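Structure, as structure tokens:
The values are calculated or read from the model by the stated rules, or taken from the named source; none is laboratory data. Predicted model, so just to flag it, every value in this text is computed and none were measured. All Cβ positions, even for glycine, are placed from backbone atoms using ideal geometry, and neighbour counts span all protein chains on display.
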Amino acid sequence: MINIEIWASGGGTNAHAIMKYFSNHPTIRICSLGCNRIDAGSFVVAKKHNIPSIYWNKDNWRYEEILKQLKARKIDLVILAGFLKLVPSAVTKEYEGKIINIHPSLLPKYGGQNMYGDYVHNAVLANKEDLTGITMHEVNEEFDKGKVLAQFATSLNPNYETLSSIKQKIQKLEHANFAPIIEAWAKSKVA
């Protein structure tokens, strides 16, 4: 069995889609959820799926504690699903090639520190892009610089798009594609 922990910072829509996808999977199990915002909807999502969760706060968000807890829970892989903290480099080194992130743009466009969520979508709008999408990539010590695993694009009409319409298109891509990419990636890690 491949044990996965999801890390999220927000409402948990991607976490929900992933948990639902893997709920009865024969070889992959979502074991736990970690979140760095005490008021995040991700905790509600985890509870709904009967998945234990941990609050990553300023006291336990230290590489020694992170690695200790991941090992204690026997976590093989970590999924960042809207997680807005930089993972400590000691953790990315220990879990090299075993942490995946989803980013709401076609990297390398609109990536890097402080480029997440609405900031990305507003930049896409401001630049009147006719294409945007999502990127799934392995995590290293820099924001959005890891090995790209997959990208999915959606067309935009720069004259008619709004922040809301772009967010809807991106979320649709995320929910349709993230879990299957996680599945293929996880299986490749144990092959």
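Structure notes:
- Among residues of the stretch 80-122, those that are surrounded by fewer than 18 Cβ atoms within 10 Å (Cβ to Cβ) and closer than 14 Å to I170 by Cα, counted: 4
- Selection of the stretch 4-43 for residues being assigned to a loop (DSSP other than H, G, I, E, B) and farther than 24 Å from L86 by Cβ yields F22, S23, N24, H25, P26, T27.
- One residue from T135, T92 being on the phi < 0 side of the Ramachandran plot and either assigned to a strand (DSSP E or B) or in contact with a His (Cβ under 7 Å, 6 or more places away or on another chain) (or both): T135
- Boolean, L77 is among the hydrophobic types (A, V, I, L, M, F, W, C), under 15 Å from F178 (Cα atoms), in contact with a Lys or Arg (Cβ under 6 Å, 6 or more places away or on another chain) and surrounded by 15 or more Cβ atoms within 10 Å (Cβ to Cβ): yes
- Residues (polar (S, T, N, Q) and modelled with pLDDT of 95 or more) located in the stretch 109-139: N122, N127, T132, T135
- Inter-residue pairs, beta-carbon under 8 Å, first within 15 Å of A17 (Cα to Cα) and in the stretch 159-173, second in a loop (DSSP other than H, G, I, E, B) and modelled with pLDDT of 95 or more, 6+ apart: I170/P104
- Screening the candidates S42, S32 for the property of being in contact with a Leu (Cβ under 7 Å, 6 or more places away or on another chain) and surrounded by 13 or more Cβ atoms within 10 Å (Cβ to Cβ) yields one hit, S42.
- Residue-level check: of (1) under 26 Å from K187 (Cβ atoms); (2) surrounded by fewer than 21 Cβ atoms within 10 Å (Cβ to Cβ), N60 misses just (1).
- Number of residues in the stretch 97-125 that are part of a loop (DSSP other than H, G, I, E, B), touching a residue at least 24 places away in the same chain (Cβ under 8 Å) and over 17 Å from G82 (Cβ atoms) equals 4.
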